[in-house]
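Working notes, structure below.
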Amino acid sequence: MQYGFVTMADGAKRRVSRLILGSSVFGGTTPEDTAFRLMDRFFERGGNAIDTARVYCEWLPGGYGASERTVGKWIRSRGVEKDVFLMTKGGHPRLNDMHTSRLSPEDIRGDMAKRLDALGLDHVDMYYLHRDDERLPVSGIMETMDGLVREGFARAIGGSNWRAARLGEANAWASVHGAAPFTASEVRWSYVDFTGTGGDDTLVTMDEAEMAAYEHMDLAVMAYSSQAGGLFSRGYKPDLSDVSPRHAAFASAENKRRYGALLARCDTESGMTPSRVVLEYVTKHPKLNGFALVGASRLEQLEASLDAME
């Protein structure tokens with residue numbers, strides 16, 4: 001396993017696996033016993049970072065909070081509270097009203113209380129705000145987040161789907177006012193090109209402008225959708241003409257070009273696999289402190305990602 005460092009709110013550096021296990025369907029379409037096996041294996045092979053969120057599984061009947069409950073139960077049952085780098089997220093809009101933000105002090109604090117209750121823990125290592133609302137000043141948001149750090153509920157804070165400019169604005173305010181800064185950002189980032197793939201317009205995708213801004217910021221950059229659902233590791237034809245319906249939107253000229261370059265590298269470089277190329281694009285990026293979130297519903301899927309990080 002490869003490791004990097006994430007800065008905590010007090011300035012300490014925490015050693016974190018470059019591969020982060022996502023848990024968006026744990027306790028939902030991935031039953032608890034399967035989720036436990038996945039987390040056990042991830043931990044056995046050196047992974048120590050798990051990502052969850054209150055909103056995960058909310059789209060399933062009775063699923064609200066299921067991911068956090070499952071992850072928290074596993075952490076407590078294995079006695080690894082001090083060993084796992086646990087990340088969760090709050091402040092997500094209601095699923096039926098994605099453009100009405102939930103970033104008031106009451107929303108942020110209320111979500112944190114629900115998270116700790118579901119997890120069965122007294123704190124988390126990283127607490128992200130799952131969405132931003134650029135109509136709101138950063139001052140009130142950061143003041144509330146700083147309070148969570150000072151009260152011991154979060155060891156560090158970050159933004160998920162926040163643009164780099166807003167992250168910079170938030171941290172500038174924190175610096176002036178002696179508040180805890182954001183030290184991490186979750187953003188949609190992959191070797192795969194997301195242009196034209198549509199979807200939720202509240203998501204923030206890494207592009208050239210965002211990347212240029214991140215180069216001047218001391219942030220851990222956590223890439224979700226790092227493998228784009230395994231687009232380049234499913235053995236599709238070089239022209240992507242046989243992609244499944246779930247990947248149809250990715251069959252662009254740019255992705256065909258990138259896929260061709262990936263296949264050529266795998267053909268000429270010993271030990272190189274599509275999964276390794278895609279993950280190393282993030283985890284060995286020369287200018288950003290990148291970490292890759294991966295999802296898995298079966299052990300063989302997880303093993304493939306872990307093998308790529310050896």
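The values are calculated or read from the model by the stated rules, or taken from the named source; none is laboratory data. The model shown is predicted, which means the values in this text are computed figures rather than measured ones. Neighbour counts are summed over all protein chains in view; Cβ atoms, including those assigned to glycine, are modelled from backbone coordinates with ideal geometry.
The C-beta contact set for the stretch 71-99 (first residue in contact (Cβ under 8 Å) with a residue 60 or more places away in the chain, second residue buried (at least 23 other Cβ atoms within 10 Å of the Cβ) and among the acidic types (Asp, Glu), distance under 7 angstrom, 6+ apart or interchain) comprises Met87/Asp51. All told, Ser226 meets the bar of being within 21 Å of the chain's Cα centre (by Cα), polar (S, T, N, Q) and modelled with pLDDT of 95 or more.
Looking for something small (Gly, Ala, Ser), farther than 19 Å from Glu186 by Cβ, over 16 Å from the mean Cα position of the chain (by Cα) and part of a loop (DSSP other than H, G, I, E, B) - is there at least one such residue anywhere in the stretch 68-83? Steps first, please.
Keep residues of the stretch 68-83 that are small (Gly, Ala, Ser), which gives 72, 77, 79.
If we keep only those that are farther than 19 Å from Glu186 by Cβ as well, we get 72, 77, 79.
Now drop any that are not over 16 Å from the mean Cα position of the chain (by Cα), which leaves 72, 77, 79.
Now restrict to residues that are part of a loop (DSSP other than H, G, I, E, B): 79.
Scanning the stretch 68-83 turns up at least one residue that is small (Gly, Ala, Ser), farther than 19 Å from Glu186 by Cβ, over 16 Å from the mean Cα position of the chain (by Cα) and part of a loop (DSSP other than H, G, I, E, B).
Given the condition in a strand (DSSP E or B), within 30 Å of Arg15 (Cβ to Cβ) and without any contact (Cβ under 8 Å) to a residue 60 or more places away in the chain, answer yes or no: does some residue in the stretch 101-108 qualify? No, the stretch 101-108 contains no residue that is in a strand (DSSP E or B), within 30 Å of Arg15 (Cβ to Cβ) and without any contact (Cβ under 8 Å) to a residue 60 or more places away in the chain. When the stretch 177-206 is filtered for residues that are closer than 15 Å to Arg166 by Cβ and not polar (S, T, N, Q), the ones remaining, listed by number, are Pro181, Phe182, Ala184, Glu186, Val187, Leu203, Val204, Met206. Take Ala174 and decide whether it is of a type in the set (Gly, Ala, Ser), without any contact (Cβ under 8 Å) to a residue 40 or more places away in the chain and in contact with a helix residue (DSSP H, G or I) (Cβ under 8 Å, 6 or more places away or on another chain). Judged against the criteria, Ala174 is a match.
Filter the stretch 182-200 down to the residues that are in a strand (DSSP E or B) and among the charged types (D, E, K, R), then identify the one that is surrounded by the most Cβ atoms within 10 Å (Cβ to Cβ).
Glu186
Would a scan of the stretch 201-209 turn up a residue that is closer than 30 Å to Asn96 by Cα, surrounded by fewer than 20 Cβ atoms within 10 Å (Cβ to Cβ) and among the acidic types (Asp, Glu)?
Checking the stretch 201-209: at least one residue is closer than 30 Å to Asn96 by Cα, surrounded by fewer than 20 Cβ atoms within 10 Å (Cβ to Cβ) and among the acidic types (Asp, Glu).
Contact map, the stretch 109-120: residues that are on the phi > 0 side of the Ramachandran plot paired with residues that are surrounded by fewer than 14 Cβ atoms within 10 Å (Cβ to Cβ) and assigned to a helix (DSSP H, G or I), Cβ distance under 7 Å, separation 6+ or inter-chain. Pairs shown: Gly120/Arg76. If the condition is being in contact with a strand residue (DSSP E or B) (Cβ under 7 Å, 6 or more places away or on another chain), of a type outside the set (D, E, K, R) and modelled with pLDDT under 95, then the stretch 26-59 contributes only Ala53. Could you please let me know if Met272 is aliphatic (A, V, I, L, M), more than 27 Å from Trp162 (Cα to Cα) and in a loop (DSSP other than H, G, I, E, B)? Considered against the rule, which asks whether it is aliphatic (A, V, I, L, M), more than 27 Å from Trp162 (Cα to Cα) and in a loop (DSSP other than H, G, I, E, B), Met272 comes out as yes.
Among the residues of the stretch 213-261, the one identified as among the β-branched types (Val, Ile, Thr) and closer than 30 Å to Ala180 by Cβ is Val221. Just one of the listed residues (Ala179, Ala174) is at pLDDT 95 or above, surrounded by 19 or more Cβ atoms within 10 Å (Cβ to Cβ) and in contact with a Pro (Cβ under 9 Å, 6 or more places away or on another chain), and it is Ala174.
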